[in-house]
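**Q** This structure is in structure tokens; I'll ask about it shortly.
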Amino acid sequence: MADGLREGLGCRGCGCNARQRAAAQVLLDALGSLPARATVRSTEQASRLHLALRRRTRLVGSEYLRSGWQRLRLTGWLWRQGAFELARHGDATALADPDARFDGVLSLDVLEHIPQPDLALREFARVLRPGGTLVLTVPFYEMQAGNRRIAELAGDGRVRHLGIPEFHGDPLSGGVPCFHHFGWQLLQDLRYAGFTQVDACRVQDPVHGIPQGQWVIHARR
């Protein structure tokens, strides 16, 4: 999946990598001509993308924060960047938001780290208004029809790997286990969760620093 071109090519202006910029492009296009009025729920807060989008939309972000110390540290980072807000804990499988609250939901490279991703997809659908848009990214295996589980939670809460352990980078903990490799079945999972129009878009824009196509999933509530 050419991680260097996906996770690199940081913008000199906003600091976002190619994957983040591709997702932001799809989101802002979907929100229409007046994104500043749109309310957006994001499953991240400790990122350059969060800083950039909060200037373009009415953005509510969060991170999965395991301790008060993590929350304090992230709040300090946000304030140093000029984003005067408090860090929020958020669990994508149980969002603390009312039904039909948002015009958009943004979730980037989170779903593969959730043992039961269908719960998160249903939560994304629940908090979206009718006609609202979901934009998400995962490491997408386009040559793979189904989804493949590569780890699971044991009864005692420990992670049980079903093959070679796979961990991905995380700005807060340094590394989190990957539970799934998603293929085209993910689009059907989104329909089961309550979404209607579901597309896998390959965003490529060399002029704006996205020389290689980046997979972005776009779904309408």
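**Q** Which residues among segment 116-130 fall inside the zone where the amide N is under 20 Å from a point 7 Å beyond the Cα of D99, along Cα→Cβ?
**A** Of the residues in segment 116-130, 119-130 have backbone N under 20 Å from the label point off D99.
**Q** What is the log10 of I(q)/I(0) for the chain, computed with the Debye formula using one identical point scatterer on each Cα and no solvent, at q = 0.07, 0.16, 0.18 Å⁻¹?
**A** -0.20, -1.20, -1.57
**Q** I'd like the Karplus ³J(HN,Hα) series for segment 104-116: coefficients 6.51, -1.76, 1.60, θ = phi - 60°, whole numbers in Hz, and an x wherever there's a Gly or Pro.
**A** Once θ is set to phi - 60°, the couplings for segment 104-116 become x, 10, 10, 9, 10, 6, 10, 4, 5, 9, 9, x, 10 Hz.
**Q** On to the next question. Pairwise over distinct Cα atoms, reciprocal of the mean inverse distance: report the Kirkwood radius of segment 53-128 in Å, one decimal place.
**A** Averaging 1/r across every pair of different Cα atoms and inverting gives 13.6 Å.
**Q** Quick check on segment 3-220: of the DSSP beta bridges with both residues there, what percent are antiparallel, nearest 5%?
**A** DSSP beta bridges in segment 3-220 are roughly 55 percent antiparallel.
**Q** Still on this structure, please answer the following. Distance from the Cα centre of segment 153-202 to that of segment 15-89, in angstrom?
**A** 21 Å
**Q** Counting other beta carbons within 10 Å of each Cβ, put I114, I164 in order, fewest first.
**A** Least to most surrounded, the residues fall as I164, I114.
**Q** If you place +1 on the Cβ of every Lys and Arg and -1 on the Cβ of every Asp and Glu, how big does the dipole about the Cα centre of segment 48-109 come out, in debye to the nearest 20?
**A** The calculated dipole for segment 48-109 is roughly 400 debye.
No value in this document is a laboratory result; all are computed from the given coordinates. In this text the structure is predicted, and so the values were computed from the model without any measurement. FYI the Cβ positions are ideal-geometry reconstructions off the backbone, even for glycines, and counts take in every protein chain you see.
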